[in-house]
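Below is one structure, written out as structure tokens; comments come after it.
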Amino acid sequence: MHIKSSPRAAVLAATLALAPLAASPGQAQTLNVGIGAPITSLDPHFFNAGPNNGMATHIFRFLTQRDAALRLQPDLAESWRAINETTWEFKLRQGVTWHDGKPLTAEDVAFTVARAPNVPNSPGGYGGFLAGIERLEVVDAHTVRFHMASPSPLLPGNMAAVAIIAKHAAEGASTADFNSTRAAVGAGPYRAVSYASGDRVVLERFDGYVPANPAEPRAHWARVNYRMIVNDGGRVAAVLAGDVDIIDQIPGNDLARLKTNNALTVYEIQGVRVVYIAFDFMRDNAQPGVTDNAGQPLATNPFRDARVRRALSMGINRAAIADRVMSGTASPNGQWLPPGTFGHNPAVQPAAFDADQARRLLAEAGYPQGFKLTLFTPNDRWANDAQTAQAIAQFWTRIGISTQIEAQPWAAFSGRSARNEFPVRMASWGSSTGEASYTLVNVIGTRNRETRWGAVNSGGYSNEALDAMTRQALATLDDEKREAMLREAVQVSMDDVAIMPIHQLKNFWAARRGFTYEPRMDERTLAFRVRPAN
């Protein structure tokens with residue numbers, strides 16, 4: 001393989017030279033995984049972020065689960081039924097034990113439902129999944145009933161996102177206790193051995209794990225080194241050298257090369273993660289990082305004006321970003337779901353690039369000379385995040401919005417974003433439920449601790465009419481009617497530019513020869529789904 005001289009090539013050459021010869025998949029009992037985004041906690045209720053959720057799926061189990069195509073499947077609940085319009089009953093699988101050998105009971109489910117929405121200092125939690133629960137009734141050791149405030153057809157699917165934890169291990173425990181692994185006692189296919197923030201999680205197979213589906217093979221690997229390699233070049237070099245057996249988040253400029261490498265297999269699938277721009281709607285006036293052209297604070301918050309938001313949206317050439325920055329690994333989108341998913345509205349298209357009309361809208365809104373802003377972005381969270389932000393900054397500068405970029409590691413960015421320290425920022429959201437209400441409740445819904453809406457709506461967007469539309473859809477049992485309502489809500493939210501979608505990511509993995517992986521729409525890299533090739 002010919003590699004041009006470059007700093008990337010030097011990293012790769014050094015890695016190749018120093019790497020030990022890897023064992024074949026059939027012989028090895030240790031799997032080495034390289035992921036492109038950091039896991040910020042082993043507490044499965046601390047932060048609703050993709051990498052954290054992927055890790056939680058190794059250690060914990062859920063009442064229900066989703067397969068690679070996001071279809072709902074049983075997990076800890078072997079069955080569920082609606083007793084009436086506002087009551088769901090779940091029957092728990094018997095014989096399930098925690099990693100320490102103690103039996104799982106309905107009390108663990110009740111404890112989980114009480115804890116999950118109330119984790120201290122959470123930058124974005126799981127309350128939205130549990131919204132509408134008036135009380136949880138423990139019927140017996142293996143039966144629970146959810147009593148809802150209104151009809152809730154999505155509850156079984158929502159429970160695929162809330163990890164069930166052991167009451168005896170987690171009662172009184174903090175997030176730090178989970179990170180030390182003391183409280184991270186699950187019932188999943190792996191137990192946590194250690195967690196080093198920004199570096200790796202070490203997992204050990206739990207041989208007491210019994211899959212919900214008897215036809216599902218058990219985890220093959222006795223031990224897993226789950227490494228966080230956020231540098232794109234380092235991650236690609238690691239799989240080429242055999243330091244890791246599989247990587248995710250393949251950078252677009254390496255994709256063609258890896259696809260033609262006979263030592264690797266590339267797996268891909270359309271994802272449900274959207275990259276978007278989020279605004280601060282909470283401040284009335286001066287915002288940090290937003291000034292007039294002389295550097296003086298603006299008298300009002302420009303992002304509260306829908307004309308400004310629309311101008312910024314049509315000032316972006318999404319097709320150029322997808323082609324030149326993402327190298328075909330993303331598709332321009334004007335909403336948060338790809339075609340074919342529940343609630344996707346075919347009538348909602350990306351804003352057409354029109355720099356002249358963008359300038360006219362800015363003038364109409366009172367900014368004929370534009371203004372200055374800083375666009376904040378992570379630089380290690382998803383593929384080409386900082387590069388995408390840089391491209392957006394260039395497009396905005398051309399329409400008179402002089403834009404600078406401030407890029408930060410995800411570990412720092414996520415906390416600041418949750419505290420709404422950024423007037424305008426790059427963000428992303430993966431709709432792991434595969435339907436539109438997940439975003440309408442958690443990202444766009446008005447923040448409300450009592451109703452548990454707006455869990456990650458840190459910018460404070462609020463539209464009472466849209467909330468009412470969403471509530472009506474969530475209480476509609478008929479699927480066809482509910483989808484029509486959700487499509488209408490998608491139209492309303494995107495007309496108002498509640499968030500500004502840029503593109504939909506495609507998901508890619510590269511595995512060494514002899515390893516197979518089933519690609520997932522939710523982008524999770526699951527060690528127990530990596531198998532030796534037959």
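The values are calculated or read from the model by the stated rules, or taken from the named source; none is laboratory data. All values derive from a computational prediction rather than experimental measurement. Glycine gets a Cβ as well: all are built from the backbone with ideal geometry, and neighbour counts include every protein chain shown. Calculation scope for accessible area: heavy atoms of the full protein, side chains included, ligands and nucleic acids excluded. Shrake-Rupley method; radii C 1.70, N 1.55, O 1.52, S 1.80 Å.
Worth a mention:
- With respect to the conditions (1) surrounded by 21 or more Cβ atoms within 10 Å (Cβ to Cβ); (2) at pLDDT 95 or above; (3) touching an Asp or Glu at 6+ places or on another chain (Cβ under 8 Å), residue 453 lacks only one, and its number is (2).
- Segment 209-242 - residue that is open to solvent by 50 Å² or more (accessible area, probe 1.4 Å) and farther than 30 Å from residue 100 by Cβ and, of those, farthest from the chain's Cα centre (by Cα): 231
- Checking each residue in segment 323-333 for being open to solvent by 10 Å² or more (accessible area, probe 1.4 Å), out of contact with any Gly (no Cβ under 7 Å at 6 or more places or on another chain) and touching a residue at least 12 places away in the same chain (Cβ under 8 Å) picks out 324, 325, 331, 332, 333.
- Any hit, segment 364-385, residues being assigned to a helix (DSSP H, G or I) and aliphatic (A, V, I, L, M): no
- Residue within segment 23-33 that is within 20 Å of the chain's Cα centre (by Cα), at pLDDT 95 or above, among the hydrophobic types (A, V, I, L, M, F, W, C) and closer than 29 Å to residue 123 by Cβ present: yes
- Evaluation of residue 336 against (1) open to solvent by less than 60 Å² (accessible area, probe 1.4 Å); (2) out of contact with any Ser or Thr (no Cβ under 6 Å at 6 or more places or on another chain) (one fails), failing number: (2)
- Considering only residues in segment 49-86 that are outside any loop (DSSP other than H, G, I, E, B), among the β-branched types (Val, Ile, Thr) and open to solvent by 10 Å² or more (accessible area, probe 1.4 Å), the one that is farthest from residue 184 (Cα to Cα) turns out to be 83.
- Inter-residue pairs, beta-carbon under 7 Å, first in a loop (DSSP other than H, G, I, E, B) and in segment 105-133, second polar (S, T, N, Q), 6+ apart: 119/175; 123/414; 125/48; 126/48; 131/451; 132/150; 132/152
- Of the residues in segment 256-268, at least one is among the hydroxyl-bearing types (Ser, Thr, Tyr) and open to solvent by less than 60 Å² (accessible area, probe 1.4 Å).
- Residue 490 meets each of the listed conditions (1) open to solvent by 40 Å² or more (accessible area, probe 1.4 Å); (2) part of a helix (DSSP H, G or I); (3) more than 25 Å from residue 116 (Cβ to Cβ); (4) not small (Gly, Ala, Ser) apart from (1).
- Among the residues making up segment 472-487, those that are surrounded by 16 or more Cβ atoms within 10 Å (Cβ to Cβ) and either over 21 Å from residue 341 (Cβ atoms) or in contact (Cβ under 8 Å) with a residue 40 or more places away in the chain (or both) are 474, 475, 476, 482, 483, 486, 487.
- The sole residue among 143, 57, 97 that is in contact with a helix residue (DSSP H, G or I) (Cβ under 7 Å, 6 or more places away or on another chain), within 23 Å of residue 208 (Cβ to Cβ) and of a type in the set (S, T, N, Q) is 143.
- Subset of segment 28-43 [farther than 27 Å from residue 232 by Cβ and open to solvent by less than 10 Å² (accessible area, probe 1.4 Å)]: 43
- Candidates 318, 304: the one that is closer than 24 Å to residue 504 by Cβ and not acidic (Asp, Glu) is 318.
- Annotation note: of 310, 324, the sole residue that is over 28 Å from residue 421 (Cα atoms) and assigned to a helix (DSSP H, G or I) is 324.
- Filtered residue count, segment 207-229, keeping only those that are farther than 19 Å from residue 74 by Cβ, in a loop (DSSP other than H, G, I, E, B) and touching a helix residue (DSSP H, G or I) at 6+ places or on another chain (Cβ under 9 Å): 3
- Residue selection: residue 185 satisfies the criterion of being β-branched (Val, Ile, Thr), at pLDDT 95 or above, open to solvent by less than 50 Å² (accessible area, probe 1.4 Å) and touching a His at 6+ places or on another chain (Cβ under 7 Å).
- Matching residues in segment 163-176 - criterion: being within 18 Å of residue 47 (Cα to Cα) and either under 22 Å from the mean Cα position of the chain (by Cα) or without any contact (Cβ under 8 Å) to a residue 40 or more places away in the chain (or both): 163, 164, 165, 173, 175, 176
- Number of the condition not met by residue 466 [criteria: (1) touching a residue at least 60 places away in the same chain (Cβ under 8 Å); (2) assigned to a helix (DSSP H, G or I); (3) closer than 22 Å to residue 309 by Cβ]: (1)
- Failed item, numbered, when residue 421 is tested on (1) assigned to a helix (DSSP H, G or I); (2) under 16 Å from residue 289 (Cβ atoms); (3) touching a residue at least 24 places away in the same chain (Cβ under 8 Å); (4) of a type outside the set (Ser, Thr, Tyr): (1)
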